[in-house]
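Down below is the structure, laid out as structure tokens.
The values are calculated or read from the model by the stated rules, or taken from the named source; none is laboratory data. Since the model is a prediction, treat every value here as computed from it, not as a measurement. For neighbour counting, all protein chains shown are included, and Cβ atoms are generated from backbone atoms with ideal geometry for every residue, glycine included. All accessible areas refer to the heavy atoms of the entire protein, side chains included, with ligands and DNA or RNA removed. Shrake-Rupley method; radii C 1.70, N 1.55, O 1.52, S 1.80 Å.
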Amino acid sequence: MKKELPAWAYKIAIVVATIIWGYSFVSMKGVVTVIPPAWLLGFRFLFAGIVLTVILWKRVREAFSGKMVLAGTVLGLADFLAFWTQTVGLEHTTPGINAFLTATYCVIVPFLWWIVAHRRPTVFNIGAAVLALVGIWLVSVQSGGMNMGFGEVMTLLCAVLFAVHMVLVSKLSRFHDVLALTAVQFVAEGCMGLLSGAAFETFPGFAVFTPGIIGQLLFLAIFASIVAFGIQNVALAHIPPAQASLFLSLESVFGVLFSVLLYGEQLSLRLLMGFSLIFVAIIISETFPLKRKQPDGAVGEAI
């Protein structure tokens, strides 16, 4: 990791992460019915944090400091609250609207990065984000309109928190080893989940941990957390968050594709139009990059 890869390599890596997260929607389907949200986040991220810390023990030990622990805890808090509000929102609205409103982070990120890094988004950044949002709407919201009730408000809050998390990763990775930081984030996030579950939810009981549920939890911890989040956090240290957020919007595309392949959902013209708009948005972001982009094209040019 000492030698930086070309920017396109990090973008391809993000696409790999979105494929994993797209499949994780299918994986989560059976788990959330038996394990409450905070407990699920606690088990998932604490196990992921322990495994990643063991794998990266030398790097974590070398990077370990009070400031690094504080930075990782801040990231863990932002990510935990984002996942928790998303899950609460899902309980009060449809999955499609939940997915669509969550994806509004691709519009929020450029403005947050403007506040944090003082880099104003261009018309191409905003246009590409809005285009992607229309595509996500076509993919996610299959029928009817949308009323702004409690579930929708909580999901919008989750989008803001996901955007905050992305910007924080881009900022904090300039000062800390990003993989060691990710390990601390996971441990902090897992502890927050278990404490919240113990305080506000009923423990699901050991009987629910069947081989199938354990297998799904292992997938969520190892692939959807360690691999996918590791990819995202490393990539956010090397490419602008506004561009990264558009690539991350592919999660909705792969989520629907896996639903088509595994659950028999029909691949309609509406879905194809939505996919096309998302891809066009990414092409725009690649063809007309940030005007204030630094020569190395990276967020963390000081790395």
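Determine the dipole magnitude for the stretch 24-117: charges of +1 sit on the beta-carbon of Lys and Arg, -1 on that of Asp and Glu, nothing else is charged, the reference point is the Cα centre, and the result goes in debye to the nearest 20.
So the magnitude is around 340 debye.
I'd like the FRET efficiency for A117 and W57, computed as 1/(1 + (r/R0)^6) with the beta carbon distance as r and R0 of 30 Å, rounded to 0.05.
Working: r = 32 Å, r/R0 = 1.08.
With a Förster radius of 30 Å, E is 0.40.
Would you please state which residues of the stretch 177-204 a label at V34 would reach in this model, taking the label point 7 Å out along Cα→Cβ and a backbone N cut-off of under 18 Å?
Flagged as within label range: 202-204.
From the C-alpha coordinates alone, can you work out the Kirkwood hydrodynamic radius of the stretch 186-257, in Å?
Values: mean 1/r = 0.0672 Å⁻¹.
By the Kirkwood definition, the hydrodynamic radius is 14.9 Å.
How much accessible area does W137 have with a 1.4 Å probe, in Å² rounded to the nearest 10?
70 Å²
Ignoring everything but the protein chains, give the 1.4 Å probe accessible area of V15 in square angstrom, nearest 10.
40 Å²
Compute the accessible area per residue over the stretch 126-246, keeping the other protein chains in place, probe 1.4 Å, unit Å².
Numbers: 4430 Å² over 121 residues.
Result: 37 Å² per residue.
Just grab the label-to-label distance for L269 and I12, each label 7 Å out from Cα along the Cβ direction, in nm (one decimal).
Inter-label distance under the simple model: 3.6 nm.
If you take the Cα atoms of the stretch 124-254, find Rg, then find the Kirkwood Rh from the mean of 1/r over all pairs, what is Rg/Rh?
Working: Rg = 17.6 Å, Rh = 17.5 Å.
That ratio equals 1.01.
Karplus couplings for the stretch 174-179 from phi (6.51 cos²θ - 1.76 cosθ + 1.60, θ = phi - 60°), rounded to Hz, Gly and Pro as x?
6, 10, 9, 4, 5, 6
What FRET efficiency would be calculated for the residue pair L262, V134, taking the C-beta separation as r and a Förster radius of 22 Å, to the nearest 0.05? If you can, show how the numbers build up before the last one.
Details: r = 26 Å, r/R0 = 1.19.
Efficiency, from the Cβ-Cβ distance: 0.25.
What Kirkwood radius, in Å to one decimal, follows from the Cα pairs of the stretch 39-140? Intermediate values should be presented prior to the final figure.
Values: mean 1/r = 0.0604 Å⁻¹.
Value: 16.5 Å, from the Cα pair sum.
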